[in-house]
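The values are calculated or read from the model by the stated rules, or taken from the named source; none is laboratory data. Because the structure is a prediction, the values reported are computed rather than measured. Neighbour counts run over all protein chains shown; Cβ positions are idealised from the backbone, glycine included. Note: accessible area is taken over every heavy atom of the protein model, side chains too, but ligands, DNA and RNA are not part of it. Shrake-Rupley method; radii C 1.70, N 1.55, O 1.52, S 1.80 Å.
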Amino acid sequence: MTNPFFSGLVRELELKAAKSGFQILLMSSYEEAAEERERIRALVSRQVDGLIISPSRDSIETSPHSAISGIPTVLVDRAFAVEGFDTVSADNEQATLMGARHLIELGHKRITFLATAPGLANMEERVSGYRKAMQDAGVSDANVVYGGLSIESCRSAIEQELRRAGRPTAVFASAYVATLGAAKAIRALDLAFPQDVSLLGFDDSDWMTVLRPYVSTIEQPLDELGHACWELLQRRMKKMDVPPVHRRIACTLRARESTRRIRRKSRPRSRSEV
């Protein structure tokens, strides 16, 4: 819940639930699958009308004897490939395709993509969008670094890249924790963005426009995601046997001050030009 994406999504859902005469019971799994199963069982035991789950992994128990069997359920952000469930997620591949193209249009070719955990479908889609943009631009040096699910692990991973002689001229962080980790790494090495390295994040947050330079980012529209989740859950609560629906929501590029056009080194003038 320290991640602004999830806390913002919960806020949107609470507003929509209140307007419909419902209340939200909130539980967090801390990215642990075992904790997630226990939290779901606890909610079901309280006879909730429905569940909106952002799974810790890309799978969820779907057997006839599982805790959520027969409970109207919508999966959001992850596990959107699981059959039999309504799902809502950002258009991850298109989002990073758009972000990488922004950096490429600014003249960057050495762009490192800081991903979180490998194997998560939403993250692999973001990696795919980045790779596609690099390929379309004819840039062969597509560099993906996996930093894990914490700010510090992401900081450590990208710091190693920034220490290299041919360090990236831009870092594209794939998630909120990756953006914070990258910002900490850049500062720790006494570098500055965008002067030494451009920084593009994923997920918007208030802190990104508090201190200068303001951070460029890919924004997931929380209002649209929340609306889609609530709409699909209400539909499922009214009629359980309708076919599942899968919604993809487009993201927005917020180009601010942390990304800028790369500065080419001036060519030394020859004697004849002096």
Which listed residue is at pLDDT below 85 and either among the charged types (D, E, K, R) or open to solvent by 20 Å² or more (accessible area, probe 1.4 Å) (or both), from Phe85, Phe80: Phe80
Residue count, the range 185-239 (criterion: at positive phi and surrounded by 17 or more Cβ atoms within 10 Å (Cβ to Cβ)): 1
Complete set of residues in the range 193-211 that are within 25 Å of Met123 (Cβ to Cβ), in a loop (DSSP other than H, G, I, E, B) and among the aliphatic types (A, V, I, L, M): Val197
Count - residues of the range 122-174 that are under 22 Å from Leu97 (Cβ atoms), at pLDDT 95 or above and polar (S, T, N, Q): 5
Exclusive hit being modelled with pLDDT under 95 and either over 20 Å from Ala17 (Cα atoms) or aromatic (Phe, Trp, Tyr) (or both), set Gly99, Gly119, Gly107: Gly119
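Go through the range 22-58 and give me each residue that's open to solvent by 80 Å² or more (accessible area, probe 1.4 Å), assigned to a loop (DSSP other than H, G, I, E, B) and at negative phi.
Scanning the range 22-58 gives Gln23, Leu25, Leu26, Glu32, Arg46, Asp49, Arg57.
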Checking Ala137 against (1) closer than 30 Å to Ala17 by Cα; (2) over 19 Å from the mean Cα position of the chain (by Cα), the condition it does not meet: (1)
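For (1) part of a loop (DSSP other than H, G, I, E, B); (2) in contact with a Lys or Arg (Cβ under 7 Å, 6 or more places away or on another chain); (3) closer than 28 Å to Arg248 by Cβ, each residue gets a yes or a no:
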| position | (1), (2), (3) |
| --- | --- |
| Ser89 | no, yes, yes |
| Met98 | no, no, yes |
| Gly107 | yes, yes, no |
| Met123 | no, no, yes |
| Met134 | no, no, yes |
| Gly148 | yes, no, yes |
